[in-house]
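The values are calculated or read from the model by the stated rules, or taken from the named source; none is laboratory data. Since we're looking at a predicted model, the values are computed, not measured. Using ideal geometry, Cβ is built from the backbone for each residue, glycine included, and neighbour counts are taken over all protein chains shown. We work out accessible area using only protein heavy atoms, side chains counted, and drop any ligands, DNA or RNA first. Shrake-Rupley method; radii C 1.70, N 1.55, O 1.52, S 1.80 Å.
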Amino acid sequence: MTYKEAVNYLNETAGFAKKNKLEHIKYLMECLGNPQREIRFAHVAGTNGKGSVCAFLEAFLLEKGWTTGVFSSPHLVSVNERIRLNGQDVSDELFAKACSRVKDAVEEDLKKGGTHPSFFEFLFLMALIIFQEIKPDCCIIETGMGGRYDATNLLDPEISVITSISMDHMEFLGNTLKEIAFHKAGSIKPGKQVLSCGQEEEVMQVIRDEAGKKQALLEVVSEDNLNFNEKPGKYIDFLNSNAYDRKRVAGDFQKENISLAIRAAQLLSGSLSDEMIVNGLRHLVLPGRMEEVLPRVFVDVAHNMQGIEAFCRTAERQFAGMKKRILFAASHKNEEDYMRARLRNLSKTEWFCQIGIEGRRIDQQEFMSAFEQLIKDRDEDTVCFIVGSFYLAGITKKCMIRRK
């Protein structure tokens, strides 16, 4: 199987498959020889910040001298982004090889009346195959959606991390914070360490109850309740003002995410020096997280109410007094009106444009026309934002590659 054949298979076959029951994914793992055994895992669940925590934790462990694997989603440009080894996207060769092996196992199961894994589940199985072959010191796994019934919850991680929980994917997880927290807290494992950022009280109660029921060791890590020595605010300051490559912008919400990653790295590896933290952050660019793709043009994947609120706070603080232009597209239709209104109310907004998303697709011609208007004739006192969806961030990144 070539890499192109693997990608086509995933898009054309797995892309149309529905989510499976955990028992079936567990069976496929057994068919593949249980590749998850003898691998150390860290598991990251939550609504916003999962990808950032994975990236920060990966950077810190690499500075510690560990080898790492990461499984995260979604991707912005290339599907290889979902599986990383030591900070690099997995090679086309390894990707195709793992896809072929999982495909063989799935086709044998289909002959017996089984069902095809979803796109996410198939890639998760591929990641396990790759991690088994490479055997990193630690593999960092991001949940897909929810946690309790997510394929990644079949793992036995050394530590579980729960990022900020808010209203998201209500059609699958429930219409209240308590219901959504029930799914996220399901990632907690009996007797294991669990870290959570500060949460709404009703969310925190669900997490405490789940941890108590499973006799897990719960530790709350937040900007207001730091029960370890390192205060992460100074690392945010470093990200926002470092002169090693160029100025970068870190959202205020990253304080929480850096806090969680620092503490997780400490618990996994025993210690983490200031030098390791700073070196880990020095060249780390989080794709699609306040990422500067052109001078004063930033793309951000904030795509729900909590994410947009955090984005707006950062935009107001970092770019106070500057004129703002916004290109917006909403993949969460039930929150679209709120997000649009919040973005329109940013101070000194001089231009706002919304383009459509059908399913997961954005019309390329419509995007290019809006993008050219966004960046046209902007002066030194103007900052541009592209925000509202992972799909919008993805098409922007692809556009940047073509421009280069």
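Condition check: surrounded by 11 or more Cβ atoms within 10 Å (Cβ to Cβ), in contact (Cβ under 8 Å) with a residue 40 or more places away in the chain and either of a type outside the set (Lys, Arg) or outside any loop (DSSP other than H, G, I, E, B) (or both). Does residue 367 satisfy that?
So residue 367 does not fit the description; no.
Of all residues in the range 260-271, none satisfies the criterion of being modelled with pLDDT under 90 and surrounded by 17 or more Cβ atoms within 10 Å (Cβ to Cβ). Residue check: residue 387 meets all listed conditions (1) more than 21 Å from residue 77 (Cβ to Cβ); (2) crowded, with 17+ Cβ neighbours inside 10 Å; (3) β-branched (Val, Ile, Thr) but one, namely (1). In the range 177-197, the residues that are modelled with pLDDT under 95 form Cβ pairs under 6 Å with partners that are of a type in the set (Lys, Arg) and assigned to a loop (DSSP other than H, G, I, E, B), at six or more places apart or across chains, as follows: 183/148; 186/148. When residue 141 is tested against the conditions (1) crowded, with 24+ Cβ neighbours inside 10 Å; (2) in a helix (DSSP H, G or I); (3) of a type in the set (Val, Ile, Thr), the lone failure is (2). Does residue 346 count as touching a residue at least 12 places away in the same chain (Cβ under 8 Å), under 25 Å from residue 306 (Cβ atoms), under 26 Å from the mean Cα position of the chain (by Cα) and not in a loop (DSSP other than H, G, I, E, B)? Criteria not met by residue 346. Listed by first and then second residue, the pairs linking a residue in the range 372-387 that is assigned to a loop (DSSP other than H, G, I, E, B) to a residue that is of a type in the set (A, V, I, L, M, F, W, C) and open to solvent by 10 Å² or more (accessible area, probe 1.4 Å), with Cβ atoms under 6 Å apart and 6 or more places separating them unless they lie on different chains, are 381/322. Six or more apart or on different chains, Cβ under 6 Å: which pairs go from a residue in the range 297-324 that's farther than 11 Å from residue 343 by Cα and among the basic types (Lys, Arg) to one that's at pLDDT 90 or above and assigned to a loop (DSSP other than H, G, I, E, B)? Could you list them? Filtered contacts from the range 297-324: 323/348; 323/381. Only one of the listed residues (134, 162, 141) is of a type outside the set (Asp, Glu), under 16 Å from residue 40 (Cα atoms), within 21 Å of the chain's Cα centre (by Cα) and modelled with pLDDT of 95 or more. That residue is 141. If you go through the range 1-52 and keep only what is touching a Lys or Arg at 6+ places or on another chain (Cβ under 9 Å), assigned to a loop (DSSP other than H, G, I, E, B) and open to solvent by less than 30 Å² (accessible area, probe 1.4 Å), you end up with 32, 39, 46, 47.
In the range 372-381, the residue that is farthest from the chain's Cα centre (by Cα) out of those that are surrounded by 15 or more Cβ atoms within 10 Å (Cβ to Cβ) and at pLDDT below 95 is 378.
State which residue is farthest from residue 264 (Cα to Cα) when the search covers only the range 81-108 and only residues that are assigned to a helix (DSSP H, G or I) and open to solvent by less than 10 Å² (accessible area, probe 1.4 Å). Step by step, filter the range 81-108, then rank; the result is 106. Applying the criterion of being open to solvent by 50 Å² or more (accessible area, probe 1.4 Å) and more than 21 Å from residue 155 (Cα to Cα) to the residues of the range 209-225, the residue that is modelled with the highest pLDDT is 209. Could you grab me the full set of residues in the range 305-320 that are at pLDDT 90 or above, surrounded by 19 or more Cβ atoms within 10 Å (Cβ to Cβ) and either more than 19 Å from the chain's Cα centre (by Cα) or not aliphatic (A, V, I, L, M) (or both)? If the condition is that a residue be at pLDDT 90 or above, surrounded by 19 or more Cβ atoms within 10 Å (Cβ to Cβ) and either more than 19 Å from the chain's Cα centre (by Cα) or not aliphatic (A, V, I, L, M) (or both), then 311, 312, 315, 319 are the ones that fit.
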